[in-house]
Amino acid sequence: MTIIIFGISFFFKKNWIVHEIIQLISGVCFTFVFCSVFITLIFMTRNWIWKLLGVFITVIFFYAATQLMVDVKMIYKDKVAYENKQFERIVGIPKEVEYDNPESGPRMVYEITFEDVVVQATHLWIRQDYFEKNMKGKRLEVFYLPNSRYAMDVLVAD
């Protein structure tokens, strides 16, 4: 079911926010699948070490699922703002830029941190080498969704 939900998201590739919501829901389902696997392990094994490990891993996956559900709620609240292009705007020099850690391929900008706002930028596919060459240390103008704080555009401010 998780794979089917994930696959359905690609039918909405042109509507980014619906695509993102469906993918997050797929992530919630995926983590609940792992929760159920480890709950089964807890009840099936007699070894107390495996039971304890199962409980620990189940709690971790359950926490991840709840965080993904919060993300789904926040991005759903941003649906109207996204459709009406009512983005929040911040201008300034970032305090910190965090990059993802890919298994292969170039690193991409993951988060951009300003004084009081952290903006998610993974989906913009800004390569680390491009960012460091053209944007690092410069005043940026970032448009983002108000609840989920997903960046919609990152520009060098004049």
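For segment 115-141, which positions are outside any loop (DSSP other than H, G, I, E, B) and either of a type in the set (Lys, Arg) or under 16 Å from the mean Cα position of the chain (by Cα) (or both)? Talk me through it step by step, then tell me what you get.
Applying the first criterion (outside any loop (DSSP other than H, G, I, E, B)) to segment 115-141 yields 118-120, 122-124, 127-134, 140-141.
Answer for segment 115-141, where residues must be outside any loop (DSSP other than H, G, I, E, B) and either of a type in the set (Lys, Arg) or under 16 Å from the mean Cα position of the chain (by Cα) (or both): Val118, Val119, Gln120, Thr122, His123, Leu124, Arg127, Lys133.
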Next item on the list: Select from segment 44-65 the residues that are without any contact (Cβ under 8 Å) to a residue 12 or more places away in the chain and under 22 Å from Met1 (Cβ atoms) and write down the one among them that is surrounded by the fewest Cβ atoms within 10 Å (Cβ to Cβ).
Entry: Tyr63
Margin query: I'm trying to understand the selection: among the residues of segment 72-114, which are within 15 Å of Tyr144 (Cα to Cα), part of a loop (DSSP other than H, G, I, E, B) and open to solvent by 30 Å² or more (accessible area, probe 1.4 Å)?
Written below: Asn84, Lys85, Gln86, Phe87
Notebook entry, point to check: Could you say which residue among Phe43, Phe56, Phe11 is within 20 Å of the chain's Cα centre (by Cα) and not polar (S, T, N, Q)?
Noted result: Phe11
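The values are calculated or read from the model by the stated rules, or taken from the named source; none is laboratory data. Just so you know, these numbers come straight off a predicted model, no measurement behind them. FYI the Cβ positions are ideal-geometry reconstructions off the backbone, even for glycines, and counts take in every protein chain you see. Areas reflect the complete protein model, heavy atoms only, side chains present, ligands, DNA and RNA absent. Shrake-Rupley method; radii C 1.70, N 1.55, O 1.52, S 1.80 Å.
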